[in-house]
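Only one structure is covered here, and it is reproduced in the block below.
The values are calculated or read from the model by the stated rules, or taken from the named source; none is laboratory data. The structure displayed is predicted, hence computed values, not measured ones. Don't worry about glycine lacking a Cβ; one is built from the backbone with ideal geometry, like all the others, and counts go over all protein chains shown. SASA here: full protein model, heavy atoms, side chains in, ligands and nucleic acids out. Shrake-Rupley method; radii C 1.70, N 1.55, O 1.52, S 1.80 Å.
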Amino acid sequence: MKFYPTEIANKTFDRKMMGFDPEQVVNFLTVIAAQTENLAQQIQTLTEELKEKELQLHEYRDRDNVLRSAITQATKMTDQMKTETEHEVKLIIADAQHKAETITRDAKDSLRKIYQEISDLKKSRMQFEANLKAMAQAHLSLLEQAEAYMPKMRMQHMDLE
């Protein structure tokens, strides 16, 4: 039988000649003592469970702090890697653009030289053709002049054949 605090506070004992019935008082005190012992054990058990829960909570908080710190560190590292990568990309792009400009400039210079060589070769060819024509005309003119001065020799030479 359990007693609640209001029942304990309101408990009355039968009166006997010399006061309360000793047997009722002893029984009541025995029951109250057992309940008090039971409550003390429950309090001790709950206190131990509370300590365990507090230790677990402390461990969880420590883990949470470690995880938060790791996440923060990982985020910082990710941001730093991203920044470094962007910087490297910019350097690579700048280098590639510089190389492309150099290649383009060299190609344009080579093309300009080739056009100049073609132009020079055309001039040389035209000059050669002009010289060849002039020489051919000069030889024809010499042949014509030689024929005019020596027509008979040629005819005689033809008759012999």
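For the stretch 83-91, state whether one or more residues are more than 30 Å from R15 (Cα to Cα), assigned to a helix (DSSP H, G or I) and either among the polar types (S, T, N, Q) or more than 31 Å from the chain's Cα centre (by Cα) (or both). Yes: the stretch 83-91 contains one or more residues that are more than 30 Å from R15 (Cα to Cα), assigned to a helix (DSSP H, G or I) and either among the polar types (S, T, N, Q) or more than 31 Å from the chain's Cα centre (by Cα) (or both).
Yes/no matrix, rows are residues, columns are (1) under 30 Å from F3 (Cβ atoms); (2) not polar (S, T, N, Q):
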residue	(1), (2)
A40	yes, yes
T47	yes, no
L67	no, yes
T75	no, no
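For first residues located in the stretch 133-161 and of a type in the set (K, R), partners that are part of a helix (DSSP H, G or I) and at pLDDT 70 or above and lie 6+ apart or on another chain with Cβ distances below 7 Å form the pairs R154/E147.
With the condition kept exactly as written, say whether any residue in the stretch 144-151 is at negative phi, open to solvent by 80 Å² or more (accessible area, probe 1.4 Å) and not in a helix (DSSP H, G or I). Steps first, answer last, please.
The initial filter retains those residues of the stretch 144-151 that are at negative phi, namely 144-151.
Still in the running and open to solvent by 80 Å² or more (accessible area, probe 1.4 Å): 144-145, 147, 149-150.
Now narrow it down to the ones that are not in a helix (DSSP H, G or I): 150.
Yes, some residue in the stretch 144-151 is at negative phi, open to solvent by 80 Å² or more (accessible area, probe 1.4 Å) and not in a helix (DSSP H, G or I).
For E59, the test of being more than 20 Å from T6 (Cβ to Cβ) and either outside any helix (DSSP H, G or I) or at pLDDT below 90 (or both) is failed.
So that you can scan it fast, the table gives a plain yes or no per residue for (1) part of a helix (DSSP H, G or I); (2) open to solvent by less than 80 Å² (accessible area, probe 1.4 Å); (3) modelled with pLDDT under 95:
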{"position": "T6", "(1), (2), (3)": "yes, no, yes"}
{"position": "E23", "(1), (2), (3)": "yes, no, yes"}
{"position": "V26", "(1), (2), (3)": "yes, no, yes"}
{"position": "N38", "(1), (2), (3)": "yes, yes, yes"}
{"position": "T45", "(1), (2), (3)": "yes, yes, no"}
{"position": "L67", "(1), (2), (3)": "yes, no, no"}
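Among the listed residues D62, D95, which satisfies the condition of being surrounded by 10 or more Cβ atoms within 10 Å (Cβ to Cβ), over 28 Å from the mean Cα position of the chain (by Cα) and of a type in the set (D, E)? Give the steps one after another, and end with the answer.
Details: D95 fails: over 28 Å from the mean Cα position of the chain (by Cα).
It is D62.
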